1. Apply 1/(1 + (r/R0)^6) to the Cβ-Cβ distance of ALA12 and CYS94, taking R0 = 25 Å, and write down the FRET efficiency to the nearest 0.05.
2. Using Cα centres only, tell me the gap between region 51-71 and region 14-50 in whole Å.
3. Using Cα-Cα distances under 8 Å and only pairs 6 or more residues apart, what relative contact order does the chain have, in percent?
4. Top mean-square fluctuation among ALA54, ALA36, ALA116, Gaussian network model of the chain, C-alpha springs under 10 Å?
5. Suppose every Lys and Arg Cβ carries +1 and every Asp and Glu Cβ carries -1, with no other charges. What dipole size does the chain come out with about its Cα centre, to the nearest 20 debye?
6. Within region 75-137, what whole-number % of the accessible surface is contributed by carbon and sulfur, with the 1.4 Å probe and all protein chains included in the calculation?
7. Put +1 on the Cβ of every Lys and Arg and -1 on every Asp and Glu Cβ in the chain; which of ALA153, GLY7, LEU48 then has its Cα farthest towards the positive end of the dipole?
8. Taking only protein heavy atoms into account and a 1.4 Å probe, give the accessible area per residue of the chain in Å².
Amino acid sequence: MLMPHAGHFTAADLATIPDDGQRYEVIAGELFVTPAPGGAHQPIATRLLAPLLAYLGAHRRLDDLLTPPSDITLMPDTLVRPDLLVADTMAFICSGDWRDVTTLYLVVEIISSSTARTDRTVKRLAYQRYGVPTYWIVDPGARQIEVWTPEAASPSIHRDTLEWRHPALTMSVSIDVAALFDFG
């Protein structure tokens, strides 16, 4: 069981927390706890997953797409659990050790009122420092996707369509952003 800390947590500390249905992450030594997602979160994740599956599968890169739960260690004191990610998975597939997922191409977080601040600030800065080439913040309330890159001071905003290309491919995938949020 996790013992109280004076302040600085590590990725290794998370292994001591019993499974209680909460999502635990540690970013720059700070522990973040969020409940399991609800509402439109899962349908939006599925709607994002479908075109990414089709795109990566058509180009024999399907194994690069990872879904939750995933334990991505960016630094010894930073372990995140993104909603979706595309990464170099070869070493991970062979070892089964999440610490072998070190080259991230795309990280996706679907925000809610309980995660918006963390996803937009703390996680974004961690992904930028780590050099994640593309970080999507999917905002159901604003019906948009914010796209962040390591050097960006502000995101590009997409409300209609969004193009993304895996770095090993020449073709891109087009995401119908408006359709992600159409539940009527």
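The values are calculated or read from the model by the stated rules, or taken from the named source; none is laboratory data. Quick caveat: nothing in here was measured; it's all calculated off a predicted structure. Methodologically, a virtual Cβ is constructed for each residue, glycine included, from the backbone with ideal geometry; neighbour enumeration extends over all protein chains shown. Just so you know, the surface numbers come from the protein's heavy atoms only, side chains and all, with ligands and any DNA or RNA stripped out. Shrake-Rupley method; radii C 1.70, N 1.55, O 1.52, S 1.80 Å.
1. Details: r = 22 Å, r/R0 = 0.88.
The calculated FRET efficiency here is 0.70.
2. Centre-to-centre (Cα) distance: 19 Å.
3. Working: 312 pairs, mean separation 28.4, N = 184.
Computed over the chain, the figure is 15 percent.
4. Judging by the Gaussian network model, the answer is ALA36.
5. Values: 14 positive and 22 negative charges, 63 e Å.
The dipole of the chain has a size of about 300 debye.
6. On the way: 1460 of 2510 Å².
Solvent-exposed carbon and sulfur of region 75-137 make up 58 percent of the total.
7. The residue sitting farthest along the positive end of the dipole is ALA153.
8. Working: 9220 Å² over 184 residues.
Per-residue value: 50 Å².
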